[in-house]
1. If you build the convex hull over the alpha carbons only and average its shadow over all orientations, what do you get for region 1-41? Give it in nm² to one decimal.
2. Using only alpha carbon pairs under 8 Å that are at least six residues apart, calculate the relative contact order of region 1-112 and give it in whole percent.
3. Along the three principal axes, how long is the chain when you take its alpha carbons, biggest first, rounded to the nearest angstrom?
4. Within region 1-81, report the trypsin sites (Lys or Arg not before Pro) that DSSP leaves as loop and that have at most 12 other Cβ atoms within 10 Å.
5. Quick one: of Lys4/Lys142; Lys31/Lys129; Lys31/Lys99; Lys4/Lys139; Lys31/Lys128, which pairs are farther than 29 Å apart, Cα to Cα?
6. At 1.002 mPa s and 20 °C, plugging the Kirkwood radius over alpha-carbon pairs of region 104-143 into Stokes-Einstein gives what diffusion coefficient in µm²/s?
7. Dividing the Cα radius of gyration by the Kirkwood radius, what Rg/Rh value follows for region 65-143?
8. For region 19-29, what does the Karplus curve 6.51 cos²θ - 1.76 cosθ + 1.60, with θ = phi - 60°, yield as ³J(HN,Hα) per residue in whole Hz, taken in order and with x for Gly and Pro?
Amino acid sequence: MSLKENILVSSLIGIGIAAVLSWASLLLLAKGAGSLTMTVAEYTQMLAGIILVGLGFGLPSIVYQNDKLAPAYQVLIHMGTGCLVMTLVSFWTGWIPVKAGFWPAFLTIAGEIAVAFIVWLIFYQQEKKLTRKMNDRIKQLKK
């Protein structure tokens with residue numbers, strides 16, 4: 001795949017994951033609150049936030065294709081960028097309850113970052129399993 005295709009695919013995957021997680025969050029919020037109402041401007045801001053968070057995680061994920069960087073640096077660049085974008089967007093959209101005080105805001109940020117790392121861990125385990133399978137297959141072919 002070319003660099004442009006990799007960027008496009010990474011971006012779409014990031015946006016897709018952000019959209020699914022946002023949808024699941026809204027379902028939980030609506031169930032707890034009974035209903036949610038938003039103005040068109042608020043809804044548009046939420047959608048823009050979802051797209052920005054998806055891009056914030058999706059675009060930097062192409063760093064994993066750079067074999068010259070140590071895996072720890074790859075994770076730091078990818079997750080550091082994604083979490084920073086997510087936190088900034090969360091303040092902008094009002095996803096972080098700043099008016100509720102320090103602890104609710106802190107716990108919301110910590111929860112968002114925890115979810116981001118859980119998603120990363122799921123992808124990491126999937127890639128690790130695939131790598132193991134490929135290495136086993138190579139060993140079989142060498143016999």
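Nothing in this text is a laboratory measurement; each read-out follows from the coordinates by a stated rule. Source: prediction; values computed, not measured. Positions of Cβ are backbone-derived with ideal geometry, glycine not excepted, and every protein chain shown enters the neighbour counts.
1. 3.8
2. Contact order relative to length: 28 percent.
3. 63, 29, 26
4. Those that pass, being in a loop and sparsely packed, are Lys68.
5. Lys4/Lys142; Lys31/Lys129; Lys4/Lys139; Lys31/Lys128
6. So the translational diffusion coefficient is about 175 µm²/s.
7. For region 65-143, the value is 1.21.
8. Per residue, the Karplus-derived 3J(HN,Hα) values read 5, 5, 5, 5, 4, 5, 4, 5, 4, 5, 5 Hz.
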